[in-house]
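Derivation of every value follows stated rules applied to the coordinates shown; laboratory data play no part. Just so it is clear, the model here is predicted, and its values are computed rather than measured. Glycine gets a Cβ as well: all are built from the backbone with ideal geometry, and neighbour counts include every protein chain shown.
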Amino acid sequence: MKDFISMLVLTALTYLVIAIASRVVLAEGSIRIPTERSPSYQTECGSCHLAYPPGLLPAQSWSTIMSSLSKHYGADASLDPKDTQAISAWLTQYAGTYKRVAEAPPENRITQSYWFKKKHRKVKAGDFGKPSVKSAANCNACHRQAEQGNFDDDDVQIPR
Ligand code: HEC
Ligand code: HEC
């Protein structure tokens, strides 16, 4: 009888662990945006594309990006030294440190990250090139709540 009870407890515990683990996986689609906002990040870095959550790139990538703004992926995104300094400090402070973003991706592109490719392996290349999307970097074309840090696959909608 005692053995039976401990079996029961063990089974219950196993289910609990599985339930918690799957919740953690489900929460992956939501990317935390620091509560301490940078005053100029949204205006200066959110005019041409989404103001990407800092946690999506490692500090090394943000530093490189912030020190070469005049040659920014074919655009000139130069800022005055004060804004550059403030945004750079904020981005590196809240940069991603967990395993999947720890390494600088090619061209310091979120869209070239290993995890990005893996998460989007079922998205057709043609969907990223649609006129309504333009590029994989245009997250908010499909993730309508990207501004709020919501990238959940339940809320994603590829436009026509
Ligand atoms: C004048 C327009 C403009 C401004 C302002 C701008 N960017 Fe960009 N950014 C671009 C373009 C164009 C691309 C390339 C997009 C593409 O490949 O579709 C880009 C790409 C990026 C990427 C890589 C996206 C990917 O492919 O994963 C990052 C990161 C980025 N910008 C960060 C910033 C930061 C930080 C700032 C503010 C300091 C900023 N951008 C301001 C035009 C701009
Ligand atoms: C063409 C539309 C499109 C664009 C653009 C796009 N995504 Fe996605 N994304 C999707 C789809 C569709 C899924 C769900 C894929 C699946 O379930 O197989 C997804 C999944 C994800 C997930 C995983 C969500 C989860 O619940 O596990 C993350 C994180 C994510 N995208 C981030 C981004 C970021 C960051 C960008 C921009 C740099 C971006 N996406 C650009 C369509 C897009």
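Couple of notes before you dig in:
- Legend: distances between Cα atoms for 82/130; 71/117; 99/124; pairs beyond 30 Å are 82/130.
- Distance between the C-alpha centres of region 107-143 and region 51-65: 17 Å, rounded to the whole angstrom.
- Of 66, 7, the sequence from fewest to most neighbouring Cβ atoms within 10 angstrom is 7, 66.
- Region 80-159: C-alpha gyration tensor shape, a/c 1.5 cut-off, then a/b vs b/c: prolate
- This ranking places 94, 114 by how few other beta-carbon atoms lie within 10 Å of each, fewest first, which gives 114, 94.
- For the chain, adding -39500 (n - 2.57) for each run of n ≥ 4 DSSP H residues and dividing by the number of residues yields -11500 deg cm²/dmol at 222 nm.
- Across the chain, the relative contact order, built from alpha-carbon pairs under 8 Å that are at least six residues apart, equals 24 percent.
- Computed FRET value (nearest 0.05) for residue 76 with residue 112, which takes r as the C-beta separation and R₀ as 22 Å: 0.50
- Shape category assigned to region 45-87 from the gyration tensor of Cα positions, a/c cut at 1.5: rounded
- By other beta-carbon atoms within 10 Å, ranking 61, 67, 88 with the fewest at the front produces 67, 88, 61.
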